[in-house]
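Heads up: the structure comes next, in structure tokens.
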Amino acid sequence: MKTVSVSELPESVWESEHFRLHPLAEGVYAAIATELGAGFSNAGLIDLGEQTLVFDAFVNPLTAEDLLEASIQLTGRKPSTVVISHWHPDHWGGLQVFGECAILATHATRLAMLPLAKEMEQDRQDPSRMERELQSAEKRLADETDPGQRRNLQIAVSRQRYDLQTLPTLQPTLPNQTFDGKIVFHGTVRSAELVSTGRGHTESDCILRLPKDRVAFIGDIGFFQSQPFMPYGFPPEWITLLNDLANGKAKTFVPGHGPLGRKADLRLEAQYIQAMENMIQQVIRRGGTVRDALRETLPPPFDAWQKLGHRFEANVRSSFKRQSQHKN
């Protein structure tokens, strides 16, 4: 079975306003979120043969419903299993659509999801907080003149509007099975390896490898062609994971955010994380403050990513706090 390279990637076989579904091999699809849709993060659809597996469930049920429909039309069946890569809600807010499935996550991921599910319930009962945040974002968008910042705000406003649209019917849904280590799914067409990777983007991440197709779904271990989101991450372990993946057998990687990537994208992301850590370390050694750090510029090519802006401040603040505490 021929795996499709990124450079040969055909047009999407399924189009939603929320994502584009690209075939990576026969029965293997990457769901890449559209910029202004309700998906926000990427997902995956894998036909194992006689069973279908979903990797991540997007942030919003609207998007998950489209992925369910795509599964039925492309594989002839509903998914039987859904894997959640980590606890950040932009990867599991749509889980209610797959409530009849086996839903897997690591033990630590499920524990971290519990308080977020309670917050979702509270917002459903009282949406005033979310309404205020949307009004604030809309005002900032109306006042903003910088094109890059306007685009970031447009994305945020679009997402918040979709979240409010589905809030009245939101049913926070949690994994019903947990694991650590490795699980292998054996299908009649292919096998899939679900691997708990430990610390990286969060306290507990997991990835899905398709050895026969040389494809890996890596969740937010991967942010391609943009700044990764680092506040809950563990940079040394994250860098090691990225380099290990780059030295592995997979050739095509589906990140949690951004376009499909190759090994070069993994290495470049690792270099960004190290560059951020080095920049903050230098500021602290000079006796600088977090405000000084926010005025710094990353080296090329990451300076171009920095101009996109919306993750830079969060990364600087979290790295500065962590490294300052470590110094003391």
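Within the stretch 20-47, the set of residues being closer than 17 Å to residue 76 by Cα and either of a type in the set (Lys, Arg) or in the same structural domain as residue 310 (by TED's automatic domain parsing) (or both) is empty.
Among the residues of the stretch 123-141, those that are surrounded by 10 or more Cβ atoms within 10 Å (Cβ to Cβ) and not charged (D, E, K, R) comprise 127, 130, 134, 135, 136, 137, 141. Take the conditions (1) outside the structural domain of residue 63 (by TED's automatic domain parsing); (2) more than 24 Å from residue 310 (Cα to Cα); residue 142 misses just one of them, which is (2). Among the residues of the stretch 160-177, at least one is of a type in the set (Val, Ile, Thr), under 19 Å from the mean Cα position of the chain (by Cα) and at pLDDT 95 or above.
Of the residues in the stretch 244-257, at least one is farther than 24 Å from residue 183 by Cα and crowded, with 19+ Cβ neighbours inside 10 Å.
For residues in the stretch 292-313 being in contact (Cβ under 8 Å) with a residue 12 or more places away in the chain and of a type in the set (A, V, I, L, M), which is surrounded by the fewest Cβ atoms within 10 Å (Cβ to Cβ)? Top of the filtered list is 294. Looking at the stretch 77-87, which of its residues are part of a loop (DSSP other than H, G, I, E, B) and either surrounded by fewer than 23 Cβ atoms within 10 Å (Cβ to Cβ) or among the aliphatic types (A, V, I, L, M) (or both)? Residues satisfying the conditions are 77, 78, 80, 84.
Listed here are the residues, each with its yes/no results for (1) closer than 27 Å to residue 201 by Cβ; (2) in contact (Cβ under 8 Å) with a residue 12 or more places away in the chain.
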| position | (1), (2) |
| --- | --- |
| 112 | yes, yes |
| 128 | no, no |
| 140 | no, yes |
| 155 | yes, yes |
| 170 | yes, yes |
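The stretch 95-200 holds strands (runs of 3 or more DSSP E) entirely within its bounds, and those carrying 2 or more residues that are of a type in the set (Val, Ile, Thr) map to 102-106, 182-186, 191-198. Taken together, the residues in the stretch 201-219 that are on the phi > 0 side of the Ramachandran plot and not in a strand (DSSP E or B) amount to 1.
Do you know which of the residues in the stretch 22-36 that are in contact with a Phe, Trp or Tyr (Cβ under 9 Å, 6 or more places away or on another chain) and under 15 Å from residue 52 (Cβ atoms) is surrounded by the fewest Cβ atoms within 10 Å (Cβ to Cβ)? Selected residue: 23.
The values are calculated or read from the model by the stated rules, or taken from the named source; none is laboratory data. As the structure is a computational prediction, the values presented were derived from the model and not from experiment. Quick reminder, even Gly has a Cβ in these numbers, built from the backbone with ideal geometry, and neighbours come from all protein chains shown.
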